[in-house]
Amino acid sequence: MKSTSRIARRRGSVIVIVIWSVAIAAVVVGAAQVLAFRQAAMGRESIAKVEARWAARAGIEETIAVLEYHTEEPDPSNSRQMYKDLELVADGQLSSGDWQIRHVEDGVEIKGPQDEHAKLNVNNITQQTLLELDGMTMDVADAIVDWRDADDTPGMMGAEYDFYVNRDVGYEPRNASFRSIPEIELVAGAFPKYVRGEDQNLNGRLDPNENDGGASEPPDDADGFLDAGWSSALTARSSGSLLGSTGEPKLNLKEAAPEEMQERFGVTTEQATALNSFAKGQSAKLEMLLTQDLQTLSASGGAGAGANGRGGVGAAAGAMGRGASGGGAGSKGGTGVKGLGDQSAAGLAASMGGVGNGGGGQANNQGAGRQSGRSSSGAPAQGGAARIQALDQGQLRRIFQEGSLDTAGAPILGKVNLNTAPPAVLRALLPDDPISADAILSLRNSSSTGLLAISDLLGSNRISPQAIAAIAPYADTQSYVFTVTSRGRSATTGLEIEITVVIDRSTLPARILEYREQ
């Protein structure tokens with residue numbers, strides 16, 4: 001009996017040991033399974049991230065390819081074709097994922113990248129233009145101008161070196177151009193809520209946290225529209241280019257031989273000589289050709305309408321025969337030609353009635369068809385000198401598409417593209433002339449090819465000469481810098497990766513100025 005009970009106890013112990021062994025083994029196997037599952041999940045997530053990232057990169061590469069193609073093989077007769085092609089590659093699919101490229105215009109997301117030239121360049125606009133932005137105040141506008149100018153003398157309500165040093169903020173004003181929109185937030189009074197609005201990460205897209213009311217930062221109104229603050233209207237990235245509308249380097253009017261101008265611009269020998277003489281003037285600006293007479297510009301060596309070159313607006317009115325009076329500061333001439341009515345583009349510039357030239361005379365002829373004694377056909381003027389034929393619309397267009405007065409190697413600040421700028425931007429450039437701003441919108445929308453050069457503005461009698469003179473230094477019809485926000489999605493898990501890059505196509509190959517991934 002004793003041996004039997006002993007055997008039973010041993011069997012019981014073995015059973016307990018076996019049960020414990022099985023339990024421990026089960027725990028080990030379970031832990032191994034959990035670990036394997038986690039590792040598999042991490043592996044799937046890692047693979048999904050790679051798929052999403054490369055899908056986003058594929059969208060960016062497609063966009064770069066389109067931008068470079070239109071830089072090398074542009075269509076000078078269609079300003080809209082590049083944007084149509086960019087929209088075609090805004091959505092795409094790979095075997096491992098897909099991408100979407102969007103940007104915001106007037107609060108609503110649309111296909112394609114953001115055109116930085118649809119915005120005002122903070123480095124070249126005036127204080128008056130800055131004040132047209134919602135929420136902008138005089139002190140902040142002055143402080144922005146003070147930040148970018150080269151001196152340490154503050155504006156009336158601005159802030160310079162002493163202000164920042166005395167407040168021990170840890171930095172001082174750059175006294176040079178802004179390099180990015182976030183840099184504006186360093187300026188006195190330019191708080192992020194004004195600069196970024198609801199677009200906390202400055203990606204130009206409406207993210208979930210930017211449309212949830214007060215549930216998370218930033219504060220927003222959850223209305224489905226993105227209020228991007230000043231960043232929707234300002235840029236520091238836009239840039240000019242020395243490449244023309246044919247893809248060839250622009251012809252520098254200061255250095256080009258008359259024969260080169262004749263071939264490139266379709267001008268006569270006399271016009272080419274006059275262009276070269278005008279271009280060599282120290283204050284010569286290409287936009288002067290829009291508002292002032294070529295012969296006068298040639299004679300004054302690009303000094304403009306006035307001894308100090310600031311009589312452009314009044315001279316513009318005279319040059320275009322609209323009856324406005326007077327030049328700008330330093331200009332005594334030019335009351336304009338009254339009653340000329342609608343004329344051809346060539347006749348508008350030729351009908352100039354006495355552009356001021358530091359002391360020029362006046363012309364106040366009455367009645368349609370009466371000129372100031374100067375013939376656009378080359379007939380002698382009253383003084384007996386041969387008249388240089390006025391530039392016609394085609395010549396002006398080619399000059400603005402293929403000509404330049406910019407120096408190679410020097411940075412060229414970007415201008416607003418009249419084909420893509422929203423109404424608010426155009427009205428900020430022309431705050432006192434909303435009729436002309438709306439006329440520019442109407443003119444560009446009425447053309448299937450868009451505006452091909454800023455000289456196309458001369459084709460509308462609703463755009464005042466003062467408006468053309470005011471907008472010309474800040475406007476163009478081409479864009480070279482784009483912000484591409486590409487959101488890639490994995491086909492495996494649906495995980496998303498967003499990449500934002502700023503691309504400059506002003507040279508070949510295109511350059512990536514900024515890269516952000518989230």
>> Checking residue 366 against (1) more than 27 Å from residue 283 (Cβ to Cβ); (2) open to solvent by 40 Å² or more (accessible area, probe 1.4 Å); (3) at pLDDT 95 or above: exactly one of these is not met. Which one?
In response: (3)
>> Please pick out the residue among 65, 48 that is of a type in the set (Gly, Ala, Ser), modelled with pLDDT of 95 or more, part of a helix (DSSP H, G or I) and surrounded by 10 or more Cβ atoms within 10 Å (Cβ to Cβ).
In response: 65
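For residue 273, indicate whether it is of a type outside the set (A, V, I, L, M), free of Cβ contacts under 8 Å to residues at least 60 places away in the same chain, in contact with a helix residue (DSSP H, G or I) (Cβ under 9 Å, 6 or more places away or on another chain) and farther than 22 Å from residue 82 by Cβ.
Yes: the conditions hold for residue 273.
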>> Among the residues of segment 399-416, are any under 20 Å from residue 505 (Cβ atoms) and among the β-branched types (Val, Ile, Thr)?
In response: yes
> Tally time: how many residues in segment 86-100 are within 30 Å of residue 400 (Cα to Cα) and surrounded by fewer than 18 Cβ atoms within 10 Å (Cβ to Cβ)?
Replying inline: 2
>> Every residue in segment 191-210 that is within 21 Å of residue 237 (Cβ to Cβ) and open to solvent by 60 Å² or more (accessible area, probe 1.4 Å), please.
In response: 192, 194, 200
> Are any residues in segment 484-512 within 28 Å of residue 249 (Cβ to Cβ), open to solvent by 20 Å² or more (accessible area, probe 1.4 Å) and of a type in the set (S, T, N, Q), and if so, which ones?
Replying inline: 507
>> Take the residues in segment 239-262 that are among the acidic types (Asp, Glu) and part of a loop (DSSP other than H, G, I, E, B); name whichever of them is least open to solvent (accessible area, probe 1.4 Å).
In response: 248
> Of all residues in segment 164-190, how many are assigned to a helix (DSSP H, G or I) and open to solvent by 20 Å² or more (accessible area, probe 1.4 Å)?
Replying inline: 5
>> Of everything in segment 485-508, what is farther than 16 Å from residue 44 by Cβ, modelled with pLDDT under 95 and either of a type in the set (Gly, Ala, Ser) or out of contact with any Ser or Thr (no Cβ under 9 Å at 6 or more places or on another chain) (or both)? Give them in sequence order.
In response: 506
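Given the condition free of Cβ contacts under 8 Å to residues at least 12 places away in the same chain, in a strand (DSSP E or B) and open to solvent by 20 Å² or more (accessible area, probe 1.4 Å), answer yes or no: does some residue in segment 101-110 qualify?
yes
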> Can you name the residue in segment 96-126 that is under 18 Å from the mean Cα position of the chain (by Cα) and among the polar types (S, T, N, Q) and, of all such residues, is farthest from residue 240 (Cα to Cα)?
Replying inline: 126
>> Exactly one condition in (1) surrounded by 22 or more Cβ atoms within 10 Å (Cβ to Cβ); (2) polar (S, T, N, Q); (3) in contact with a Gly (Cβ under 8 Å, 6 or more places away or on another chain) is false for residue 282; which is it?
In response: (1)
> When you look at residue 427, is it touching a residue at least 40 places away in the same chain (Cβ under 8 Å) and more than 19 Å from the chain's Cα centre (by Cα), yes or no?
Replying inline: no
>> It is to be established whether one or more residues within segment 215-238 are closer than 25 Å to residue 115 by Cβ, open to solvent by less than 20 Å² (accessible area, probe 1.4 Å) and more than 23 Å from the chain's Cα centre (by Cα).
In response: yes
>> I need every pair where a residue in segment 485-504 that is within 17 Å of residue 48 (Cβ to Cβ) has its Cβ under 8 Å from the Cβ of a residue that is among the β-branched types (Val, Ile, Thr) and open to solvent by 40 Å² or more (accessible area, probe 1.4 Å), sequence separation at least 6 or different chains.
In response: 490/47; 492/47
> If you take just the helices (runs of 4 or more DSSP H) that sit entirely in segment 282-321, which of them hold at least 3 residues that are modelled with pLDDT under 50 and out of contact with any Phe, Trp or Tyr (no Cβ under 6 Å at 6 or more places or on another chain)?
Replying inline: 312-319
>> Suppose we keep only residues that are more than 14 Å from residue 450 (Cα to Cα) and of a type outside the set (A, V, I, L, M) within segment 407-421. Which one would you say is modelled with the lowest pLDDT?
In response: 409
> In segment 431-457, which residues are farther than 22 Å from residue 83 by Cβ and either open to solvent by 20 Å² or more (accessible area, probe 1.4 Å) or modelled with pLDDT under 95 (or both)?
Replying inline: 431, 432, 433, 434, 435
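Could you say whether any residue in segment 24-35 is out of contact with any Pro (no Cβ under 9 Å at 6 or more places or on another chain), touching a residue at least 24 places away in the same chain (Cβ under 8 Å) and within 30 Å of residue 518 (Cα to Cα)?
No, segment 24-35 contains no residue that is out of contact with any Pro (no Cβ under 9 Å at 6 or more places or on another chain), touching a residue at least 24 places away in the same chain (Cβ under 8 Å) and within 30 Å of residue 518 (Cα to Cα).
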>> Going residue by residue through segment 34-43, is there one that turns out to be at pLDDT 85 or above, charged (D, E, K, R) and open to solvent by 50 Å² or more (accessible area, probe 1.4 Å)?
In response: no
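The values are calculated or read from the model by the stated rules, or taken from the named source; none is laboratory data. Keep in mind that what you see is a predicted model, and the values were worked out from it rather than measured. Glycine gets a Cβ as well: all are built from the backbone with ideal geometry, and neighbour counts include every protein chain shown. All accessible areas refer to the heavy atoms of the entire protein, side chains included, with ligands and DNA or RNA removed. Shrake-Rupley method; radii C 1.70, N 1.55, O 1.52, S 1.80 Å.
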